[in-house]
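Accompanying notes for the structure given below.
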Amino acid sequence: MPTLPAPEIERVFREQYGRAVAVLVRVFGDIDVAEEAVQDAFTAAVRRWPSAGLPPSPAGWIITTARNRAIDRLRREASRSDRHAQAALLHAHGEPAEEGAVRDDRLRLIFTCCHPALGADARVALTLRLLGGLTTAEIAHAFLVPEPTMAQRLVRAKGKIRDAGIPYRVPGEADLPDRLRAVLAVVYLIFNEGYTASSGERLVRDDLCAEAIRLGRLLAELMPDEPEVMGLLALMLLVSSRRAARTTPDGDLVLLADQDRGLWDPGLIAEGQAIVRACLRRNQPGPYQVQAAINAVHSDAPAAAATDWSQILQLYDQLLALTPGPVVALNRAVAVAEVQGPEAALRLVDDLDLGGYHRFHAIRADLLRRLGHDAEAALAYEAAIALTDNAAEREFLKRRLAATGGKPGRAAGSMT
């Protein structure tokens, strides 16, 4: 009898969840119906696939099973005079579940979730849930808010889309600018969660990185004259070029300064840098373009010691002027440490209100370590360890903590 390990089913879930939800939203016109149906289909897969094996088209199996489960459920609920069930069932008539590649279903769902009637945070959070397949806890981590708060936002956002009858489509050209900022934020956050997963054993989730870049390319085709669309695509390509060098064969995290640059992807670098140069010629700077330029400077350096940190600091000054905020200021402080020294950077970091963000404590710990303040650095490393759920990051921070002569204390140990 064939056997299929649970990680393989989990991989299919992560890779196909967003696509399946997008197709089912088109079929039924109801986000809740689509999401519940896809969850039901994956529950059925967990029961069936370990013994039956992976079907020839896992995505098609999930979509077809989800559609059938949804129709059965809606028929039962419609018989009890549930108006939403009746409407969804009516919407499904004549809509086949497409099993082939549907080029723009996910893009349509992004624009639906990013309707101006929804609050900015709700737009981004809902799309991360539906398209990225991120859990409520992962989204809460991205927004630095408690999980129950994020759960309430998601419920309210889905209800508003349903009750307001927000259409499932890419809007007309005149309506695109109103939604573009939220759409770009969604794609960027999907990429970030893929590049450094907020939880789990692996540092990188390749499926989310690939999906974000795919969506970025679709947006670039749809809006090639929008500089920030191109800037985001360049940013993701340049950052993604370093993925193979970010971990050891055993999965341990490798810092940018210590990476083997021979493992960086030259094709992605060349494509990203070409887009950055085109953006510079347009001279319409925006946050994603500036971040792409920062990463282009990193990719120009053949070795970490050759990095032009002065140029990077100037770009961070520009980014902070465009999008002032504590996270940008924290990243700028890293550049300040390279140009002006760790003491100047530590003064900037200590003025930031980011106590709930693990990277704040990790950067602060590194600056303290470089200044020889090992006892204070150890406390900061412990705080960083306590705030991260990613195993690779946690193990890296523990090694740094041990190098200061410290060991995980009560707060740090609670997360292991």
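Scanning segment 44-62 for residues that are of a type in the set (Ser, Thr, Tyr) and at pLDDT 85 or above returns a single hit, 57. Selection of segment 196-228 for residues being open to solvent by less than 30 Å² (accessible area, probe 1.4 Å) and under 13 Å from the mean Cα position of the chain (by Cα) yields 197, 198, 203, 204, 205, 208, 209, 211, 212, 213, 215, 216. When only residues in segment 28-41 that are in a helix (DSSP H, G or I), in contact (Cβ under 8 Å) with a residue 24 or more places away in the chain and open to solvent by 10 Å² or more (accessible area, probe 1.4 Å) count, which is farthest from residue 157 (Cα to Cα)? Top of the filtered list is 40.
Taken together, the residues in segment 346-355 that are open to solvent by 60 Å² or more (accessible area, probe 1.4 Å) and at pLDDT below 95 amount to 1. Within segment 337-345, one or more residues are farther than 21 Å from residue 181 by Cα, among the aliphatic types (A, V, I, L, M) and crowded, with 20+ Cβ neighbours inside 10 Å.
Would you be able to say whether some residue in segment 258-280 is within 26 Å of residue 360 (Cβ to Cβ) and surrounded by fewer than 20 Cβ atoms within 10 Å (Cβ to Cβ)? Yes: one or more hits.
For segment 300-327, the candidate set comprises residues that are farther than 25 Å from residue 269 by Cβ and of a type in the set (Gly, Ala, Ser); within that set, the residue that is most open to solvent (accessible area, probe 1.4 Å) is 321. From the set of residues in segment 356-373 that are of a type in the set (A, V, I, L, M, F, W, C) and more than 15 Å from residue 341 (Cβ to Cβ), which is least open to solvent (accessible area, probe 1.4 Å)? Per the criteria, the residue is 365.
Matching residues to (1) open to solvent by less than 40 Å² (accessible area, probe 1.4 Å); (2) part of a loop (DSSP other than H, G, I, E, B); (3) modelled with pLDDT of 80 or more; (4) not acidic (Asp, Glu):
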{"position": "97", "(1), (2), (3), (4)": "yes, yes, no, yes"}
{"position": "102", "(1), (2), (3), (4)": "yes, yes, no, yes"}
{"position": "107", "(1), (2), (3), (4)": "yes, no, no, yes"}
{"position": "118", "(1), (2), (3), (4)": "yes, yes, yes, yes"}
{"position": "121", "(1), (2), (3), (4)": "no, no, no, no"}
{"position": "125", "(1), (2), (3), (4)": "yes, no, yes, yes"}
{"position": "132", "(1), (2), (3), (4)": "yes, yes, no, yes"}
{"position": "137", "(1), (2), (3), (4)": "no, no, yes, yes"}
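Out of 274, 296, 278, 270, I need the residue that is within 22 Å of residue 180 (Cα to Cα), among the small types (Gly, Ala, Ser) and modelled with pLDDT of 95 or more. Which one?
Being within 22 Å of residue 180 (Cα to Cα), among the small types (Gly, Ala, Ser) and modelled with pLDDT of 95 or more holds for just one of 274, 296, 278, 270, which is 278.
Just one of (1) surrounded by fewer than 23 Cβ atoms within 10 Å (Cβ to Cβ); (2) under 20 Å from residue 114 (Cα atoms) fails for residue 190. It is (1). Considering only residues that are part of a loop (DSSP other than H, G, I, E, B), at pLDDT below 95 and of a type in the set (S, T, N, Q), which ones fall in segment 220-258? If the condition is that a residue be part of a loop (DSSP other than H, G, I, E, B), at pLDDT below 95 and of a type in the set (S, T, N, Q), then 248 is the only one that fits.
Is it the case that residue 330 is assigned to a helix (DSSP H, G or I), within 22 Å of residue 371 (Cβ to Cβ), open to solvent by 30 Å² or more (accessible area, probe 1.4 Å) and hydrophobic (A, V, I, L, M, F, W, C)? When the stated conditions are applied, residue 330 does not pass them.
State whether the residues of segment 190-198 include one that is at pLDDT below 75, over 25 Å from residue 289 (Cβ atoms) and not β-branched (Val, Ile, Thr). There is at least one residue in segment 190-198 that is at pLDDT below 75, over 25 Å from residue 289 (Cβ atoms) and not β-branched (Val, Ile, Thr). Do you know which residues across segment 202-214 are part of a helix (DSSP H, G or I) and either at pLDDT 85 or above or among the charged types (D, E, K, R) (or both)? Within segment 202-214, 206, 207, 209, 210, 211, 212, 213, 214 meet the criteria. Scan segment 73-85 and give yes if some residue there is part of a helix (DSSP H, G or I), crowded, with 16+ Cβ neighbours inside 10 Å, in contact with a Gly (Cβ under 8 Å, 6 or more places away or on another chain) and modelled with pLDDT under 80, otherwise no. No, segment 73-85 contains no residue that is part of a helix (DSSP H, G or I), crowded, with 16+ Cβ neighbours inside 10 Å, in contact with a Gly (Cβ under 8 Å, 6 or more places away or on another chain) and modelled with pLDDT under 80.
One line per residue, one yes/no per condition, for (1) in contact with a Ser or Thr (Cβ under 6 Å, 6 or more places away or on another chain); (2) touching a residue at least 60 places away in the same chain (Cβ under 8 Å); (3) of a type in the set (S, T, N, Q); (4) within 30 Å of residue 11 (Cβ to Cβ):
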residue: 115; (1), (2), (3), (4): no, yes, no, no
residue: 154; (1), (2), (3), (4): no, no, no, yes
residue: 161; (1), (2), (3), (4): no, yes, no, yes
residue: 164; (1), (2), (3), (4): no, no, no, no
residue: 173; (1), (2), (3), (4): no, no, no, no
residue: 184; (1), (2), (3), (4): no, yes, no, yes
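Among the residues of segment 1-34, the one identified as modelled with pLDDT of 80 or more, under 17 Å from residue 211 (Cβ atoms) and charged (D, E, K, R) is 19.
Filter segment 344-383 down to the residues that are part of a helix (DSSP H, G or I), within 20 Å of residue 325 (Cα to Cα) and in contact (Cβ under 8 Å) with a residue 24 or more places away in the chain and list them by number. First the steps, then the outcome.
From segment 344-383, those part of a helix (DSSP H, G or I) are 344-350, 358-370, 374-383; that's our starting set.
From the residues that got through so far, the ones that are within 20 Å of residue 325 (Cα to Cα) too are 344-350, 358-364.
Residues satisfying the conditions are 346, 358, 359, 360, 361, 362, 363.
The values are calculated or read from the model by the stated rules, or taken from the named source; none is laboratory data. Predicted model only: the values in this text are computed from it and were never measured. Glycine also receives a Cβ, built like all others from the backbone with ideal geometry; neighbour counts cover every protein chain displayed. We work out accessible area using only protein heavy atoms, side chains counted, and drop any ligands, DNA or RNA first. Shrake-Rupley method; radii C 1.70, N 1.55, O 1.52, S 1.80 Å.
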